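These notes concern the structure reproduced below.
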Amino acid sequence: MAPMLHIALALWVIHETPRRAVAGVQDFADQSIAARWTVDLLAPDQLLRRGLAGYDGVIGFFPELQARRLAEAPTPIINLSQNVRQPRHPAVACDPAAIGRLAAHHLLQQGAASLIYVGIGDIPYALERQRGFRTGAGATPLREFTAATDAAICHDLDGLPRPIGAYAPNDGRANRFAQACITAGMHVPDTVAVLGTEDTDVICRASPVALSSVAIDGHAIGHAAATLLERWILTGERPRADHLLPPAGVTRRQSTEILPGDDFVAADAVRLLRARACAGITVEQACLQTGLSRRTLERRVRALLGHGPHAEIQRVRLDRARHLLQQTAAPVAAVARRCGFGSPEHFTRLYKATYGASPRADSRRGP
């Protein structure tokens, strides 16, 4: 009979990535053949007060001070935090340098002519993301602001080629900077495009301009941590190195949708189509809201994008659907409805014609 493992999961689930990590751990536990898992979910400080007695292993988010208190514990511990300057426990996390590089590449691909880094001080994970961003920038003009105020940053952008691509190491910082840019009279994204990290949905959607963000696959982090922990407990072999996963991609929203040219009416129309594509907007409704005739809207959108407004609506819906299929466990029919498709059958035909695979084949649930 497989042994029973009692595991402590010490995470703050109010944050996006730890919440997804919990699901990844639980999915591994449900599928494990080598052992039977029972999991206690606690806040990290609650676990420290309680102690580790009775637990076979721990997966937790332990910054520097908490990790130091647990340094001598004999219990196997996997740490999901990157805020530890001297790692004492094996860590599973998203590669911070890869996050920074991806951020720079995304902003450059969107059309940024120069880049800035908007930091949060000398926090270890932020500094590693900053280094990756610097590498990804290459020869592109770059200014780095590790601890400056938003007002000072906005004042210091003179002389940089426009549009500017701004990257912050978390979504809260990116949201505050986007607000500062708007207050300073700079258009987001056509003057300054803003990109965050962690794809925290409640922050990204509540931003004054819907915030693009580098997505971290918390589910994969949790699943990998559980895999390493079970192997460590059952074999006694401590993992030799940290396990770093690549970022899941960039969730694209309005804040990095730089559009070329000076047809701001067409640019606003395109952003309207993109913002409401999954809510079911039609070309006729877009005409009413922009005050343009259908022929004029078709012509100006096509001049901007190379295709018409209906094709843009379908592109955004399919892109969002693919993201949901790959990053969540939602059923195909639910994804189709959420992305504005009238029927799962119609959605499946369009998806396969676009990506060469069925939605079910691309889904995290698998075929």
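The values are calculated or read from the model by the stated rules, or taken from the named source; none is laboratory data. It should be emphasised that the depicted structure is a prediction, and the values quoted were computed from it without experimental measurement. Please note: Cβ atoms are built from the backbone with ideal geometry, for glycine as well, and neighbour counts cover all protein chains shown. With ligands, DNA and RNA removed, areas are computed over all heavy atoms of the protein, side chains included. Shrake-Rupley method; radii C 1.70, N 1.55, O 1.52, S 1.80 Å.
A simple count of charges around Asp156, restricted to other residues whose Cβ falls under 13 Å of its Cβ and scoring Lys, Arg +1 and Asp, Glu -1, yields -2.
Amide H to amide H distances under 5 Å link Thr328 with Arg364, where only residues 5 or more positions off or on other chains count and H is placed in the peptide plane. Peptides 236-249, 99-112 ordered by packing proxy, namely the average of other Cβ atoms within 10 Å per residue, highest first: 99-112, 236-249.
For the stretch 225-367, the relative contact order is 18 percent, taking Cα pairs closer than 8 Å that sit 6 or more residues apart in sequence and dividing their mean separation by the residue count. Say R0 is 30 Å: what FRET efficiency, to the nearest 0.05, do His187 and His310 get from their beta-carbon distance? FRET efficiency, His187 to His310: 0.65. If the label point is 7 Å along Cα→Cβ of Ala275, which residues in the stretch 173-212 have backbone nitrogen under 15 Å from it? Correct set: 179, 182, 187-190, 204-212. Each residue, Asp30 and Leu65, gets one label point 7 Å from its Cα in the Cβ direction; the gap between the two is 3.7 nm. Rounded to the nearest 20 debye, the dipole magnitude of the stretch 1-58 is 100 debye, with +1 charges on Lys and Arg beta carbons, -1 on Asp and Glu beta carbons, and the Cα centre as origin. Among Ala113, Ala184, Ala224, which one moves the most in a GNM of the chain with springs linking Cα atoms closer than 10 Å? The residue with the greatest mean-square fluctuation here is Ala184.
Counting only protein heavy atoms and a probe of 1.4 Å, the accessible surface of the chain is 52% carbon and sulfur. The HN-Hα couplings worked out from phi for the stretch 140-147 by the Karplus form 6.51 cos²θ - 1.76 cosθ + 1.60 (θ = phi - 60°) are 5, x, 9, 10, 10, 10, 7, 9 Hz, whole numbers, x standing for Gly and Pro.
The angle separating the long axis of helix 171-183 from the principal Cα axis of greatest extent in the chain is about 30 degrees.
Here the sum of -39500 (n - 2.57) over DSSP H runs of 4 or more residues, divided by the residues of the chain, equals -14500 deg cm²/dmol at 222 nm, to the nearest 500. For the stretch 290-367, a simple Cβ point-charge model (Lys and Arg +1, Asp and Glu -1, everything else neutral) yields a dipole of about 100 debye relative to the Cα centre. A protection proxy built from the mean count of other Cβ atoms within 10 Å ranks the segments 114-120, 263-269, most packed first, as 114-120, 263-269.
What the chain shows is 46 Å² of accessible area per residue, with the surface traced by a 1.4 Å probe over protein heavy atoms. So for the chain, taking the charge dipole from beta-carbon charges (+1 Lys/Arg, -1 Asp/Glu), which of Pro344, Gly54, Phe177 sits furthest toward the positive end? Of the listed residues, the answer is Pro344.
For Cys94, nonlocal amide neighbours, meaning residues 5 or more places apart or on other chains whose placed amide H falls under 5 Å from its own, are Leu245. Looking at Gly218, Leu142, Ala267, which one has the Cα that reaches farthest to the positive end of the dipole of the chain (charges on Cβ: Lys, Arg +1; Asp, Glu -1)? Projecting each Cα onto the dipole axis, the largest value belongs to Ala267. Computed on the chain, with alpha-carbon pairs under 8 angstrom and 6+ residues apart, the relative contact order is 14 percent. Rounded to whole numbers, the Karplus 3J(HN,Hα) couplings from phi for the stretch 190-201 are 6, 9, 10, 8, 10, 10, x, 9, 4, 6, 6, 4 Hz, using 6.51 cos²θ - 1.76 cosθ + 1.60 with θ = phi - 60°, and x at Gly and Pro.
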